[in-house]
Amino acid sequence: MKTSLSVVLFFGVQFLFAQQIVELPYEHPISIEWKKEEKQYFTKIWNTQVVTNVSKPTLMVYKPSPEKQNGTSVVIAPGGGMYALSIENEGTTVAEWLVERGITAFVLKYRLVPTEQEDGIQDLLDIVERDNDERIRITKEVLPFSVSDGLNAISYVRTHSEALGVDPQKIGFMGFSAGGMVAFGVVNECDKQNRPNFLVPVYAENELIDPQPNSLTPPTLFVAAANDEFIDASQFTSWYDRWHKAGIRTEMHLYAKGGHGFGTMKKGLPVSKWLDRFYEWMVSEGL
């Protein structure tokens, strides 16, 4: 059974810049049960704000002032191993940066693996240590629903582009880590209605998806660090080669230092300026 798509005004203090919350349509998975409510909190394990137990996909809408708005928009999928969303470092802070430059941003809360501990991140650490094959099995079960949420997010923005003040042909999808895996799933499965016009995988994971460019794959900017502790840098260059050989306009920024999960953190390194490079790339692509 599908839920109706609705828009709800949002007044939460922690999301001061978000004007709306959009509830996306979704199918209720038969085989997955979320026993706990969605929760946002600061985790000492990762030392950042996260969201866990997302069972109902939503978009947090960040709109620039009318005099700044330039028509470009970006759907942002934070990472977190499919067990959480790094909602601040890879979500709301990115959205606020984009809004300052006239870009409408949508932070996507896609469905996640259910967690039960007070700090759901501990569930992820426990299952990795106890039975990593089981973690992969559970994540593989949830991922198609997360990808569906990504596709529905783009459909929503395109369908409501006039009301949102955005160009239906300038909708991008940016995914961090596991959110990058969602981004790959989006371009693997999209059609003309839910195709992003540009793609930005940031230290994307590919544990469950082997990304292959196709006729609908848009211009793409890859961003990562060569000293990523979870993903071999050769994987990033391999994706770049695939895209380039397929004739897709592709750019990559592979920084020497930055590790995994740098997001919007200020590290005092060139990697901390990656959003500036992203903006320059968009301008050069006419986006």
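The values are calculated or read from the model by the stated rules, or taken from the named source; none is laboratory data. Because the structure is predicted, anything quoted here is derived from the model rather than measured. Cβ: placed from backbone, ideal geometry, glycine included. Neighbour counts: every protein chain shown. Side chains are part of the model used for accessible areas, which takes the heavy atoms of the whole protein and leaves out ligands, DNA and RNA. Shrake-Rupley method; radii C 1.70, N 1.55, O 1.52, S 1.80 Å.
Annotation note: of Val200, Val223, Val271, the sole residue that is in a helix (DSSP H, G or I) and either over 18 Å from Val147 (Cβ atoms) or modelled with pLDDT of 95 or more (or both) is Val271.
For the range 105-135, filtered to residues that are touching a Pro at 6+ places or on another chain (Cβ under 8 Å) and basic (Lys, Arg), the residue that is farthest from Gly175 (Cα to Cα) is Arg111.
Could you grab me the full set of residues in the range 178-196 that are touching a helix residue (DSSP H, G or I) at 6+ places or on another chain (Cβ under 9 Å) and open to solvent by 10 Å² or more (accessible area, probe 1.4 Å)?
Of everything in the range 178-196, those that are touching a helix residue (DSSP H, G or I) at 6+ places or on another chain (Cβ under 9 Å) and open to solvent by 10 Å² or more (accessible area, probe 1.4 Å) turn out to be Asn188, Glu189, Cys190, Asp191, Gln193, Asn194, Arg195.
Looking across the range 19-63, the residues that are over 25 Å from Phe262 (Cα atoms), part of a strand (DSSP E or B) and touching a residue at least 40 places away in the same chain (Cβ under 8 Å) come down to Gln20, Ile21, Val22.
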